[in-house]
Amino acid sequence: MLLENKRLLVTGVLTEASIAFSVARLAQEAGAEVVLSGFGRGLRITQGIAKRLPTEADVIELDVTKPDDLAAAAADIDSRWGALDGVVHAIGFAPAGALGGRFMQTSWEDVATTLQVSTYSFAALAAAMAPLLKQAGGGSIVGLDFDASVAWPGYDWMGVAKAGLESCCRYVARDLGPQNIRVNLVAAGPLRTMAAKAIDGFSRFEDEWAPRAPLGWNVHDAEPVGRVVCALLSDWTPAVTGEIVHVDGGAHAVGTGAATEG
Ligand SMILES: NC(=O)c1ccc[n+]([C@@H]2O[C@H](COP(=O)([O-])OP(=O)(O)OC[C@H]3O[C@@H](n4cnc5c(N)ncnc54)[C@H](O)[C@@H]3O)[C@@H](O)[C@H]2O)c1
């Protein structure tokens with residue numbers, strides 16, 4: 001099986017619609033052992049959702065902005081497994097003031113929160129887990145991106161955070177490559193998750209995505225994204241790092257309205 005005996009930390013499971021839920025489900029089906037993380041008021045919700053996986057997963061408390069939580073999560077995994085084969089970073093957050101078309105009015109405080117949770121945390125999580133990945137002889141870190149090469153309606157400072165994440169991925173890949181740790185992003189098309197619902201105007205490009213994507217697109221199905229995350233966690237991409245794989249039905253490759261009938 002693709003992920004036989006892989007020990008994985010999957011962050012970002014909040015609801016069954018979460019991209020990370022699809023990743024965790026598919027990873028278990030492919031033979032992996034999975035531990036989830038949750039935080040704050042969402043922790044209890046994540047614990048409830050963990051029961052809906054094929055095998056109930058343990059949930060570690062991890063607010064990725066707290067160095068103590070990162071250290072405690074690493075210690076928990078160390079005592080559980082002594083090593084780690086893969087990490088999924090499926091974390092993003094922006095305060096309302098940083099989203100929804102108020103780009104030019106957003107305060108630095110709101111921008112700082114957005115960048116800390118959605119960009120810096122990728123490197124912080126990678127740094128905390130790198131010793132455990134090294135202990136396994138190397139491993140794979142995968143994050144979730146939304147194509148940051150253009151400006152989108154409503155996405156605003158989260159778009160800036162994703163542009164930063166794309167660059168962050170390349171630097172983390174540079175620094176962890178010598179330890180045989182691969183670091184990649186999956187740029188997903190729009191999916192109807194809690195994070196997406198928080199973005200005013202997001203529905204506009206949800207509606208436009210399917211007709212534009214050569215392969216079509218279903219905003220309710222995170223499985224195509226989960227499958228590619230699992231592929232990147234597996235041993236089948238041994239020379240891929242610092243990469244962004246688009247899982248968006250091909251929309252990134254065409255201009256507006258480029259998809260043709262028949
Ligand atoms: N939904 C989309 O359309 C879409 C598209 C491309 C990329 N993404 C990205 O996918 C990732 C997962 O989001 P999702 O769409 O599945 O939504 P989601 O709301 O299900 O997941 C977001 C997760 O971030 C977690 N989180 C927020 N702040 C945190 C913190 N301080 N510490 C730890 N965890 C924290 C939440 O608990 C939640 O589990 C995000 O990076 C998001 O930007 C989403």
>> So residue 82 ticks every box in (1) at pLDDT 95 or above; (2) surrounded by 16 or more Cβ atoms within 10 Å (Cβ to Cβ); (3) in a loop (DSSP other than H, G, I, E, B) but one. Which box is left unticked?
In response: (2)
> With respect to residue 198, is the statement that it is open to solvent by 20 Å² or more (accessible area, probe 1.4 Å) and not hydroxyl-bearing (Ser, Thr, Tyr) true?
Replying inline: yes
> For the range 87-104, what are the residues that are in a helix (DSSP H, G or I) and buried (at least 24 other Cβ atoms within 10 Å of the Cβ)?
Replying inline: 98
> Name the pairs whose Cβ atoms lie under 6 Å apart, with the first residue in the range 47-68 and open to solvent by 70 Å² or more (accessible area, probe 1.4 Å), the second within 11 Å of the ligand (Cβ to nearest atom) and part of a helix (DSSP H, G or I), and 6 or more positions between them or separate chains?
Replying inline: 61/43
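Based on what the data block shows, is residue 226 closer than 23 Å to residue 139 by Cβ and in a helix (DSSP H, G or I)?
Details: closer than 23 Å to residue 139 by Cβ: yes; in a helix (DSSP H, G or I): yes.
Criteria met by residue 226.
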> Looking at the range 170-195, which of its residues are open to solvent by less than 60 Å² (accessible area, probe 1.4 Å), within 19 Å of the chain's Cα centre (by Cα) and among the small types (Gly, Ala, Ser)?
Replying inline: 173, 187, 188, 189
>> Which condition from (1) within 9 Å of the ligand (Cβ to nearest atom); (2) within 25 Å of residue 182 (Cβ to Cβ); (3) not polar (S, T, N, Q) is the one that residue 77 breaks?
In response: (1)
> Within the range 111-140, can you find the residues that are in contact (Cβ under 8 Å) with a residue 24 or more places away in the chain, farther than 16 Å from residue 87 by Cβ and open to solvent by 40 Å² or more (accessible area, probe 1.4 Å)?
Replying inline: 115, 116
>> Suppose we keep only residues that are closer than 22 Å to residue 71 by Cβ, of a type outside the set (Val, Ile, Thr) and in contact with a Ser or Thr (Cβ under 9 Å, 6 or more places away or on another chain) within the range 82-114. Which one would you say is farthest from the ligand (Cβ to nearest atom)?
In response: 85
>> Can you tell me which residue is farthest from the ligand (Cβ to nearest atom) among those in the range 115-159 that are in contact with a Gly (Cβ under 8 Å, 6 or more places away or on another chain), of a type in the set (Gly, Ala, Ser) and not in a loop (DSSP other than H, G, I, E, B)?
In response: 139
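Search the range 201-228 for residues being among the aliphatic types (A, V, I, L, M) and more than 10 Å from the ligand (Cβ to nearest atom), and hand back the single one that is most open to solvent (accessible area, probe 1.4 Å). Break it down into steps so the answer makes sense when it comes.
Applying the first criterion (among the aliphatic types (A, V, I, L, M)) to the range 201-228 yields 210, 213, 215, 219, 222, 225, 228.
From what's left, more than 10 Å from the ligand (Cβ to nearest atom): 210, 213, 215, 228.
Details: 210: 40, 213: 4, 215: 152, 228: 40 Å².
Among those that are among the aliphatic types (A, V, I, L, M) and more than 10 Å from the ligand (Cβ to nearest atom), it is 215.
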>> Just to be sure I understand, how many residues within the range 166-213 are closer than 18 Å to residue 124 by Cβ and part of a helix (DSSP H, G or I)?
In response: 12
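Considering the range 16-60 alone, what residues qualify as being basic (Lys, Arg), within 12 Å of the ligand (Cβ to nearest atom) and either at pLDDT below 95 or in contact with a Phe, Trp or Tyr (Cβ under 9 Å, 6 or more places away or on another chain) (or both)? If you could, list the steps in order and put the result at the bottom.
Of all residues in the range 16-60, those basic (Lys, Arg) come to 25, 41, 44, 51-52.
Filter once more, so that each one left must be within 12 Å of the ligand (Cβ to nearest atom): 41, 44.
If the condition is that a residue be basic (Lys, Arg), within 12 Å of the ligand (Cβ to nearest atom) and either at pLDDT below 95 or in contact with a Phe, Trp or Tyr (Cβ under 9 Å, 6 or more places away or on another chain) (or both), then 41 is the only one that fits.
The values are calculated or read from the model by the stated rules, or taken from the named source; none is laboratory data. Quantities reported herein were computed from a predicted structural model and do not represent experimental measurements. All Cβ positions, even for glycine, are placed from backbone atoms using ideal geometry, and neighbour counts span all protein chains on display. Side chains are part of the model used for accessible areas, which takes the heavy atoms of the whole protein and leaves out ligands, DNA and RNA. Shrake-Rupley method; radii C 1.70, N 1.55, O 1.52, S 1.80 Å.
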